[in-house]
Amino acid sequence: MKLVELHILQSFPVSCLNRDDVGAPKSAVFGGVNRARISSQCLKRAIREYAKDEYPAARFGGSRSRLIIEPLQRALLAEELPADRAQRLAAEVADVLAGLDEKTVEKETGASKEGKKPRVGTLIFLSPAEHAAVAKEVASLVREKKKLDAKRLFAVCKKTPLSDAADIAVFGRMVAKGPDLTLEGAAMFAHALSTHKADNDIDFFSAVDDEKLKEEDAGAAHTNVLEFTSAVYYRYAALNLGLLSDSEHLGELSTGERRGVVDAFLRATILAVPDARKNSMNAHTRPGYVLGLVKDQGQPIQLVNAFEKPVISNNGLFDASVAALKAHHEQLKKTWGIKPTVEVAIPDIGLVEFCKEIAAHVDRTRLSRVAAGRAPTVMGFRQQVPAPYHRPASDQERCDRNDLRCNGLSEGVGGRTGNVATASCIKDDQHCHSPQTRQSLEQPDGGTPDTAVGRFPHRWGRIQ
């Protein structure tokens, strides 16, 4: 798994960023003491909305809603169907996709009830392209005088690329009525926890009647209480670059377009803040420390255990939290042999350089499987590339691993079927070819891999 990981420390003042069922800030017990908490769901919502608003070119165009009937109706009208028929068919399609809420819409006609907005029974996450594709399919069925086919509708959505809805690829979706549309998100999140012991406090407040005469009495017109907290939070997020670039996610995008998506994800994850009570307890701050890692292989690893023993300090909690995070990370690297390909941090460098440094590794995702000696999936089966012969490369033959990610063919990974004369490397979307010593191997079928464009002989199939 090729990963980008973000480890974020951020101090929030008096706030209630994420409430529980009684309106109190969420909390959890960790390390035997109470901690302030922000749920991953709350953070994901804030990040998704921030990316959509601030980075429109990054293609975060999906919409998760129960209000899909009217957009479907507009898409059907664009296919030149009569208005009354478009209304009825939109309701039928919505019923297939997510089940109608019959309290809001007439099932037979698709008309709304008592002025309510027509909606479906469950949330569904769809892209604009999927709306358009479904409408086109329905219009085609109408012209062919055929009934709506649920399998065909779901199949149309399934084969529509998520090119305009990177947020679906990043955050995933679950479709109860169409499991084939359920998609694992490429991003992973953890609940944010305070690095120290944190208890909720109570704010007593009152509201005064502006028109009340002072002579009447000094009492308030309204009084109430709200709970709040303040804390230094540890936040964790990761992005599976390999999953993001596969055909079910953003494989249709170019390398540059996927870089744009990753850049927007990084910025939004770092900068977005849940906006609960933003008018009365505004807590919009910037992170004080962000550690960014790129790993060519391995599993996502949180650094939250740096704070299993709660931070205690008489001189502020933030600096002590940064020190604990750094020490824990170094210990993990030493103990478990973790070797990130990239390790950068804010404020050591600025946000722009930080995102650029990490996003530059998006273009190397597709060749990483070959470098590891694994051919891509062919016809649904993952092929294992045999390696009967291996000659270590010389210093002159070896690619600079910091700047160029060699596809591994120069070191005999192609093995049985290749005369390997050049190794294909990628740097900033440009192909360069490093001269290598020619290896003359037995050619049972006369095949020669075209390493310059990253292809195996015909029987291995083209790299996906």
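Looking only at segment 44-73, residues that are in contact with a helix residue (DSSP H, G or I) (Cβ under 8 Å, 6 or more places away or on another chain) and in a helix (DSSP H, G or I) come to 14 in all.
Filter segment 160-190 for residues that are part of a helix (DSSP H, G or I), touching a residue at least 12 places away in the same chain (Cβ under 8 Å) and surrounded by fewer than 17 Cβ atoms within 10 Å (Cβ to Cβ) and give the result. Don't jump to the end; show me each part of the working.
Taking segment 160-190 and keeping what is part of a helix (DSSP H, G or I), we get 166-171, 179-181.
Cutting the leftovers down to touching a residue at least 12 places away in the same chain (Cβ under 8 Å) gives us 166-171, 180-181.
Across segment 160-190, the qualifying residue is only 180.
For segment 220-263, the set of residues classified as in contact with a strand residue (DSSP E or B) (Cβ under 6 Å, 6 or more places away or on another chain), of a type in the set (Ser, Thr, Tyr) and free of Cβ contacts under 8 Å to residues at least 60 places away in the same chain consists of 223 only. With respect to (1) in the same structural domain as residue 192 (by TED's automatic domain parsing); (2) modelled with pLDDT under 95; (3) surrounded by 19 or more Cβ atoms within 10 Å (Cβ to Cβ), the lone exception for residue 37 is condition (2).
Residues in segment 1-38 that are under 19 Å from residue 290 (Cα atoms) and either in a loop (DSSP other than H, G, I, E, B) or touching a Phe, Trp or Tyr at 6+ places or on another chain (Cβ under 9 Å) (or both): 4, 5, 6, 7, 8, 9, 10, 11, 12, 37, 38.
Looking at this structure, is residue 193 touching a Lys or Arg at 6+ places or on another chain (Cβ under 8 Å), surrounded by 16 or more Cβ atoms within 10 Å (Cβ to Cβ), at pLDDT below 95 and not acidic (Asp, Glu)? Taking the combined requirement at face value, the residue does not satisfy it.
Residues of segment 238-264 that are polar (S, T, N, Q) and either closer than 21 Å to residue 157 by Cα or surrounded by fewer than 21 Cβ atoms within 10 Å (Cβ to Cβ) (or both): 245, 247, 254, 255. In segment 342-363, the residues that are surrounded by 15 or more Cβ atoms within 10 Å (Cβ to Cβ) reach residues that are outside any helix (DSSP H, G or I) and of a type in the set (Phe, Trp, Tyr) with C-beta atoms within less than 9 angstrom, at least six apart or across chains, in these pairs: 345/289; 346/289. Of the listed requirements (1) closer than 24 Å to residue 30 by Cβ; (2) surrounded by fewer than 22 Cβ atoms within 10 Å (Cβ to Cβ); (3) not aliphatic (A, V, I, L, M), residue 235 misses just one: (2). Filter segment 298-312 down to residues that are in contact with a Ser or Thr (Cβ under 8 Å, 6 or more places away or on another chain) and either assigned to a loop (DSSP other than H, G, I, E, B) or hydroxyl-bearing (Ser, Thr, Tyr) (or both) and give me whichever is surrounded by the fewest Cβ atoms within 10 Å (Cβ to Cβ). Among those residues, the one meeting the criterion is 310.
Which residue, of 217, 210, 201, is in contact with a strand residue (DSSP E or B) (Cβ under 9 Å, 6 or more places away or on another chain) and either without any contact (Cβ under 8 Å) to a residue 24 or more places away in the chain or within 17 Å of residue 37 (Cβ to Cβ) (or both)?
Values: 217 fails: in contact with a strand residue (DSSP E or B) (Cβ under 9 Å, 6 or more places away or on another chain); 210 fails: in contact with a strand residue (DSSP E or B) (Cβ under 9 Å, 6 or more places away or on another chain).
After applying the criteria, what remains is 201.
Scanning segment 218-227 finds no residues that are at negative phi and in contact with a helix residue (DSSP H, G or I) (Cβ under 9 Å, 6 or more places away or on another chain).
Quick grid of which residues meet (1) surrounded by fewer than 21 Cβ atoms within 10 Å (Cβ to Cβ); (2) out of contact with any strand residue (DSSP E or B) (no Cβ under 9 Å at 6 or more places or on another chain):
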position: 12; (1), (2): no, no
position: 15; (1), (2): no, no
position: 20; (1), (2): yes, no
position: 25; (1), (2): no, no
position: 28; (1), (2): yes, no
position: 65; (1), (2): yes, no
position: 74; (1), (2): yes, yes
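Apart from one condition, residue 264 fits all of (1) on the phi > 0 side of the Ramachandran plot; (2) in the same structural domain as residue 55 (by TED's automatic domain parsing); the exception is (1).
The values are calculated or read from the model by the stated rules, or taken from the named source; none is laboratory data. As the structure is a computational prediction, the values presented were derived from the model and not from experiment. Don't worry about glycine lacking a Cβ; one is built from the backbone with ideal geometry, like all the others, and counts go over all protein chains shown.
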